[in-house]
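Participant: Handing you a structure now.
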Amino acid sequence: MTYKESIEFLSSLIDFERWIYRNYEFKLDNYIDFLRKLGEPNERLKRVVLVAGTKGKGSTATMLSRILQGHGERVGLYTSPHLRDYTERIDVSGRKIPEKKFAEIVKQLKPAILSHEPRITFFEAITTAAFYYFLEEETTVNVIEIGLGGRLDATNVTDPELSVITRIGYDHTQTLGSTLTKITAEKCGVLRAGRHVIVGPQRPRVASEISRIIHKIKAKGIRWGKDYSAELVSESHERLEGYYKGLGFETEFMLPVLGTHQIENAAAAIAASLVLCMDLSTNTVKQAFRSIKLPSRIEVIRKRPTIIVDMSHNPESAATLAKTLSIHFSNHSRRLLLIGITRHKNKSAILKTIAPFFTEIYVTDAGFARAEPRAKLLKVCTRYHPRCIQTPSVKQGLETIIPGLSTDDLLVVSGSVYVAGEALEVLESGKRTEIR
């Protein structure tokens, strides 16, 4: 089986990341039964950390894995979704799984997948592939980002030594519930009795619900503002400097990224590292963060003109993007946005938050079923901005916009991971559009 064939096979399975799903009841029973037939690879993983939340879970998981790697651990990192290639999701100590190995594991799993009824989903299949790879690579710690929610996510079939809950907000409300209390309860499904949980900064009612659940199941809470904290020391358009304090540990650190929210994600990663590694050194933390890369998180892809690719897909992320842009990029007289948003997202709240910063907005849709049709997105956009323009695709949008940019202009591409991924394909391909 080639890598291409492995992707084609996985894509033939039910994929709730890309498909429009209605009236589907998410359960783990079928997947647990499937794993049992395979000898429960989920139960054989060493030292699992589950990272849940609405905002910052991918960044926190990446930061944590790099600290642990610097400490000498062989770290498995599983994240989702991917930007450009499926192999991005499965990483061991900073190296993504080779395409050949990915195909080999999928080929190994294929007979079991085809013979199991009801058929497992795409996400369950690729999660199983990650388990297999981590076992084969003999990872000593496995940092696993929750895909959706927590309680019923496929990753929650593991037995975490530690859980992390990053900032919780409104997202996936059609699946997780329409209130913050319901969403929080779903996210807290990754907690375990008697085990530690790192809790990031939260709204008061979210913090209250998390505390209630921690007390109910007798988990061990480590809370932002009480047990650990971090503060922003300085920021520029290229980096952040912060100071962490908590759990008997203090250190300054630098992050070569944008967005002050990354300070709290870094703090959660440090606190989690301290729970796992009592002898963690300040130098390990500093070195791990110094060269960290967080693709498409307010990432500057080009300068003169400035092109930023981001994947803000909910109101909280949009607010962070708007704040960062207003602080560091307001000096651009012409500021353009190319945006596409997934169905079921709060399009009105997202556009209301970020539209005022821009002088022109181009709306489009990414090439997958759950993308909001651009015509509908245009109608929402016109409520909040006088200059909204429709463009057929991310690629055509960039090919239209970029030739007209001057060196002092700003272009931001955002709205979803799929839009960001398609933008990177265009911007980093050999067929780059000429900029005058």
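The values are calculated or read from the model by the stated rules, or taken from the named source; none is laboratory data. Everything quoted here is computed from the prediction, not taken from an experiment. Cβ sites come from the backbone with ideal geometry, for glycine too, and all protein chains shown count toward neighbours.
Participant: Would the range 382-396 turn up any residue that is part of a strand (DSSP E or B) and under 26 Å from residue 167 (Cα atoms)? Even if it seems obvious, please write down each step before you answer.
Facilitator: In the first step, residues of the range 382-396 are kept if they are part of a strand (DSSP E or B); the result is 388-390.
After this cut, where a residue has to be under 26 Å from residue 167 (Cα atoms) as well, the list is none.
Looking for residues that are part of a strand (DSSP E or B) and under 26 Å from residue 167 (Cα atoms), one finds none in the range 382-396, hence no.
Participant: Filter the range 90-120 down to the residues that are under 20 Å from the mean Cα position of the chain (by Cα) and among the hydroxyl-bearing types (Ser, Thr, Tyr) and list them by number.
Facilitator: Hit for the range 90-120 is 93, nothing else.
Participant: What pairs come out if I take residues in the range 361-390 that are of a type in the set (S, T, N, Q) and pair them with residues that are in a loop (DSSP other than H, G, I, E, B) whose C-beta lies under 8 Å away, six or more apart or interchain?
Facilitator: 364/340; 364/391; 364/392; 364/393; 390/364
Participant: If you scan the range 352-368, which residues turn out to be closer than 13 Å to residue 416 by Cα and not charged (D, E, K, R)?
Facilitator: Matches in the range 352-368: 363, 364, 366, 367, 368.
Participant: For a quick check of your reading of the model, give me the residue pairs whose first member lies in the range 110-122 and is assigned by TED's automatic domain parsing to the domain that holds residue 148, whose second is among the hydroxyl-bearing types (Ser, Thr, Tyr) and surrounded by 15 or more Cβ atoms within 10 Å (Cβ to Cβ), with beta-carbon atoms closer than 6 Å and at least 6 apart or on different chains.
Facilitator: Final answer for the pair search is 120/31.
Participant: Look through 139, 184 and report the one residue that is over 17 Å from the mean Cα position of the chain (by Cα), buried (at least 24 other Cβ atoms within 10 Å of the Cβ) and polar (S, T, N, Q).
Facilitator: Just one listed residue meets the conditions, 184.
Participant: Can you tell me which of 355, 288, 269, 371 is modelled with pLDDT under 95, among the hydrophobic types (A, V, I, L, M, F, W, C) and either under 24 Å from the mean Cα position of the chain (by Cα) or more than 30 Å from residue 219 (Cα to Cα) (or both)?
Facilitator: Criteria check complete, one pass: 371.
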